[in-house]
Amino acid sequence: MSEIVFEIKNLVKRFNNFTAVDNVSATIRRGEVVFIVGPSGSGKSTFLRCLNLLETPTSGEILFKGKEVVHAKRDINFFRQQVGMVFQHFNLFPHLSILKNITLAPVKTGRFTTKQAVERADALLDRIGLSAKRDAFPPQLSGGQKQRIAIARALAMNPDVLLFDEPTSALDPEMVGEVLALMKDLAQDGMTMVVVTHEIGFAAEVANRIIFMDHGKIIETGTPEKVIRNSANPRVREFFSKVL
Amino acid sequence: MKFLFSFIGAVLMLMFCGCEENSRPKLVMVTEATFPPYEYRAGTQIVGIDPEIVGKIAEKLGYDLVIEDMSFDSVITAVQTGKADIAASGITVTDERREKVLFTLPYVIARQVIIVPENSAIQGKKDLKGKRIGVQHGTTGDIFVSQNIQEPERFSNGALAVAALAAGKLDVVVLDGDPARIHVSRRSNLKILNEPLTHEEYAFALGKHNPELHAQFNAALKELQTAGTLDAVRDKYVSKMLEEAGGNASADAGPFGKLKNSIDLNFLKDARYLYLWKGFWTTVEISFFAVLLGVLIGFGIAVIRSTADQTGKLKILNFLCKIYLTVIRGTPVVVQLLIIYFVIFGAVDVSKVLVAVIAFGINSGAYVAEIIRSGIMSIDRGQLEAGRSLGLSYWQSMREIILPQAFKNVLPALGNEFIVLLKETSISGYIAIVDLTKGGDIIRSQTYDAFLPLMAVALIYLAVVMLLSGLLGRLEKRLKRNE
């Protein structure tokens with residue numbers, strides 16, 4: 001079995017009196033493509049945001065490549081440099097050119113020199129077919145193009161794992177395909193990915209493993225075949241019968 | 001930012017080092033040079049009865065005389081706080097003032113006279129009750145009318161009060177006898193009543209901490225009096241003013257000729273346009289550096305405040321910032337300027353322009369801080385999250401991602417704040433800085449003409465503001481290009 005990237009133990013995230021993530025434990029290994037699915041409000045996005053500490057867990061442990069990160073205040077920036085994140089609303093920097101969007105973090109964090117960062121950015125732009133937009137600005141791009149740039153921006157840091165928080169939910173239907181195609185491409189390349197999505201068909205096609213969450217808890221985990229088609233849990237069966 | 005700091009530092013150094021070396025001790029005299037013939041400006045110099053007498057005494061005692069021009073309200077405070085050695089500004093001896101300063105022997109017995117329109121029914125003191133009475137703020141006329149008759153209308157200088165009387169806005173003006181004669185000689189429709197309102201003694205004021213200098217001064221003053229020098233000086237200036245006033249009144253011409261004469265008198269004679277020109281540059285200097293200081297303070301505070309709001313850290317700093325914002329936004333800028341000059345820098349000899357830059361900078365910083373904070377708040381939270389998720393630190397995200405966007409969003413509001421600041425510097429005259437407004441005041445005090453100097457000052461401010469708005473508009477367009 002390959003190296004463990006994330007090991008999550010008894011993770012709890014509470015907002016005031018509401019428990020969004022309730023005692024979740026899970027393991028993500030290198031090269032795995034894990035999809036987290038479940039009804040709205042089941043805590044899957046909060047769980048994902050805890051993984052790079054955009055939300056500070058109330059209790060529990062997160063080990064990244066064997067090291068505890070929840071309380072590692074000083075190393076939080078270095079930890080995040082190794083964990084890429086793709087947001088529902090892209091969050092590109094509108095005041096910077098596409099090239100600058102991609103090279104800003106690699107250069108400012110000292111992970112790459114300016115020359116290396118620009119070379120990597122050009123290679124990534126070529127790979128996602130948006131070299132022509134190199135000097136354009138985010139407001140001039142379509143939604144699908146923006147999300148592909150956002151993925152390239154995360155990849156430019158050369159992370160160990162990519163987190164996707166509903167990457168296609170804010171897109172017009174005709175733009176979903178190009179983003180999913182890129183994600184599939186990444187998965188086949190062996191990228192470690194954790195994806196929160198409502199695209200169940202896509203999950204069935206690409207995921208190595210599915211985690212089903214409800215009311216902040218993991219209810220079931222396993223291969224797509226097992227969780228989506230043959231679950232023994234009536235709550236899971238009911239969910240998939242409605243969305244498929 | 002670093003460049004800005006070192007640039008400002010260098011300029012402040014220059015301001016501090018403006019003073020020159022000299023072997024003889026200095027005697028600093030304060031006055032409001034808008035009170036001819038006692039003190040007024042001729043070219044770049046302050047002249048008149050007071051400067052000449054104090055000059056003669058300083059010479060006798062072996063001092064180099066330095067004259068500073070400030071608002072009359074402030075001259076007593078200046079000697080009281082040790083900012084100056086002697087106040088000589090046609091100051092009347094009163095009991096209240098005696099409590100604060102040491103007065104020399106009187107050098108002039110002056111009359112407060114009543115000026116009325118030629119056709120006025122007012123005969124004397126008994127007719128004043130219920131009339132619209134104009135006075136110069138803080139003068140004996142002001143005190144006497146307030147205590148014995150009623151609340152007067154207070155003008156910052158005599159020329160304005162007389163102009164208001166001539167325009168029918170007042171029934172009567174109470175002024176010092178000598179300047180009153182000059183004002184009236186320049187206008188055909190005014191007269192001075194024979195019966196003076198009150199008599200008073202003029203004396204110089206020294207700080208109570210300085211009894212030795214006071215004794216020396218009195219001795220020297222006595223000598224001058226015995227030698228007849230005091231009367232000679234007074235006669236010289238009064239007759240000079242009367243002559244000049246007569247010369248102006250005789251110039252009679254058509255409406256264009258009048259305008260031309262007026263322009264000659266206000267701007268060309270004695271190179272008076274130089275007051276506006278130099279004042280303009282002082283205004284620009286103060287505004288420019290105050291804007292820089294304000295933006296630095298504003299950015300700093302905005303970042304501290306929004307960091308505290310978003311992360312719950314920096315609680316103590318945030319609390320201090322809140323106090324700063326409350327105090328600065330809750331008090332008038334003129335009060336802040338006077339406090340910084342008289343209280344905070346009370347015992348230190350600092351360039352007044354520097355004091356103004358600090359006062360206006362600190363004031364503007366509070367407004368800039370809230371403008372920029374609103375800009376930071378307007379940026380979507382996802383921007384900060386995106387920066388942090390890429391491993392940038394909070395400060396890196398702030399600098400590279402949040403602040404550039406916030407700045408762009410608030411540029412119109414910032415531009416407005418800069419324009420307000422530019423115009424607010426017009427109160428610099430309170431601490432005796434000759435800025436554009438004060439330059440216009442000085443011309444008015446010399447020519448007794450309110451219209452042209454005020455119009456010129458207004459037009460210059462307007463031109464600068466229009467230029468500034470134009471530049472900001474272009475910058476805004478450039479930043480918007482990418483959207």
- Query: Yes or no: residue B:111 surrounded by fewer than 23 Cβ atoms within 10 Å (Cβ to Cβ), out of contact with any helix residue (DSSP H, G or I) (no Cβ under 9 Å at 6 or more places or on another chain) and among the basic types (Lys, Arg)?
  - Reply: no
- Task: Might you check whether a residue that is touching a residue at least 40 places away in the same chain (Cβ under 8 Å) and among the aromatic types (Phe, Trp, Tyr) occurs anywhere in the range B:399-419?
- Result: yes
- Item | Segments classed as helices (runs of 4 or more DSSP H), wholly inside the range B:366-443, with at least 3 members that are over 23 Å from residue B:304 (Cα atoms) | B:403-424
- Looking at (1) under 18 Å from residue A:93 (Cβ atoms); (2) within 14 Å of chain B (Cβ to nearest Cβ), which is the one condition that is false for residue A:128? (2)
- Taking the condition small (Gly, Ala, Ser) and either under 30 Å from residue A:57 (Cα atoms) or buried (at least 21 other Cβ atoms within 10 Å of the Cβ) (or both), does residue A:207 pass? yes
- Looking only at the range A:155-181, count how many residues are surrounded by fewer than 23 Cβ atoms within 10 Å (Cβ to Cβ) and part of a helix (DSSP H, G or I). 9
- Which one of these is away from chain A (no Cβ under 14 Å), part of a helix (DSSP H, G or I) and buried (at least 22 other Cβ atoms within 10 Å of the Cβ): B:357, B:343? B:357
- Message: Among the residues of the range B:48-75, what is the count of those that are free of Cβ contacts under 8 Å to residues at least 60 places away in the same chain and not in a helix (DSSP H, G or I)?
- Response: 6
- Message: Going residue by residue through the range A:45-58, is there one that turns out to be within 29 Å of residue A:189 (Cα to Cα), more than 9 Å from every other protein chain (Cβ to nearest Cβ) and in contact with a Phe, Trp or Tyr (Cβ under 7 Å, 6 or more places away or on another chain)?
- Response: yes
- Message: I'm trying to understand the selection: among the residues of the range A:221-240, which are closer than 28 Å to residue A:15 by Cα and surrounded by 19 or more Cβ atoms within 10 Å (Cβ to Cβ)?
- Response: A:236, A:239
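Read-outs: derived from the displayed coordinates by stated rules, not from any lab. What you are looking at is a predicted structure, and each value in this text was computed from that prediction instead of being measured. Counting neighbours? That spans all protein chains shown, and the Cβs are built from the backbone with ideal geometry, glycine included.
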